[in-house]
Amino acid sequence: MRSPCWTVAAGVKIDIWSDIVCPFCYIGKRHLEAALEAFPHRDAVQVVWHSFELDPGAAAVAEQPTTAMLAGKYGMSIEQARESQQQMTAKAAEVGLEFHLEEARSGNTFDAHRLVHLAAGQGLADAAHERLMLAYFTERESIGDHATLARLAADIGLDADRVSEVLAGQEFADAVRRDEQQAAAYGARGVPFFVLADAVGVSGAQPVEVFTQALEQAWAAAHPLPMVQGGGAGDASCDGDTCAV
């Protein structure tokens, strides 16, 4: 009898498109982390971060308060915008995040994304995303300012000279653009956007249970049931109507 033929197990890759100044991206990150914490195959999951700019034309450092920017963008009153920010702050608190949206210092995130790509080369992409989001939403840092970015990059262990070199030029700009083009190819118009095992998509900061289900589906897609090949003359099984009697 021949030996059984088994499918070799492999990990699951999670591609995440996110923007540093997107509150739902930070909340969605926490939801995914909670789902991964309980996932039995967590050690076999690889997370890859991808760039997405919600406002590519934004100034490096915005002069207008975020409340006024929100009101102008969505045609609401200042009071309505403030209420929306308060609701978002409450959602963030549910997952242990501290938001100060009215005092946030918005700006262009292109250079922040380039630094995330730099960090990815050292296995620090997740740490970079976490540090930049914490700085923006909680610490009221200006993540479009180069001096601020250099200081935050140092916090996660990136070499200061290398960071200065990247910020002074256009290195990783093509990587950011490729990420954005791939998001467009997937039809993603907003973030967060997750693709698991190139097979399962999740759009938005979905509840933890949705991520749990997506992880299970992605794992099943990446790990088909192994089949045993027998050595007999035929297969002792029914297929369709071939067993009709």
Identify all residues within region 155-166 that are of a type outside the set (Lys, Arg), part of a helix (DSSP H, G or I), out of contact with any Lys or Arg (no Cβ under 6 Å at 6 or more places or on another chain) and surrounded by fewer than 18 Cβ atoms within 10 Å (Cβ to Cβ); write none if there are none.
160, 161, 164, 165
Test for residue 193: is it modelled with pLDDT of 95 or more, under 17 Å from residue 25 (Cβ atoms), crowded, with 19+ Cβ neighbours inside 10 Å and in contact with a helix residue (DSSP H, G or I) (Cβ under 7 Å, 6 or more places away or on another chain):
yes
Residue ID - modelled with the lowest pLDDT, chosen from residues in region 87-102 that are of a type in the set (D, E, K, R) and either closer than 13 Å to residue 69 by Cβ or not in a helix (DSSP H, G or I) (or both)
102
Checked 135, 218, 175 against criteria (part of a helix (DSSP H, G or I), surrounded by fewer than 19 Cβ atoms within 10 Å (Cβ to Cβ) and out of contact with any Phe, Trp or Tyr (no Cβ under 7 Å at 6 or more places or on another chain)); the one match is 175
Is it the case that region 109-119 has a residue that's outside any loop (DSSP other than H, G, I, E, B), at pLDDT 95 or above, farther than 19 Å from residue 191 by Cα and in contact with a Phe, Trp or Tyr (Cβ under 7 Å, 6 or more places away or on another chain)?
yes
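The values are calculated or read from the model by the stated rules, or taken from the named source; none is laboratory data. Since the model is a prediction, treat every value here as computed from it, not as a measurement. When we count neighbours, we look across all protein chains shown, and the Cβ atoms used for this are built from the backbone with ideal geometry, even at glycine.
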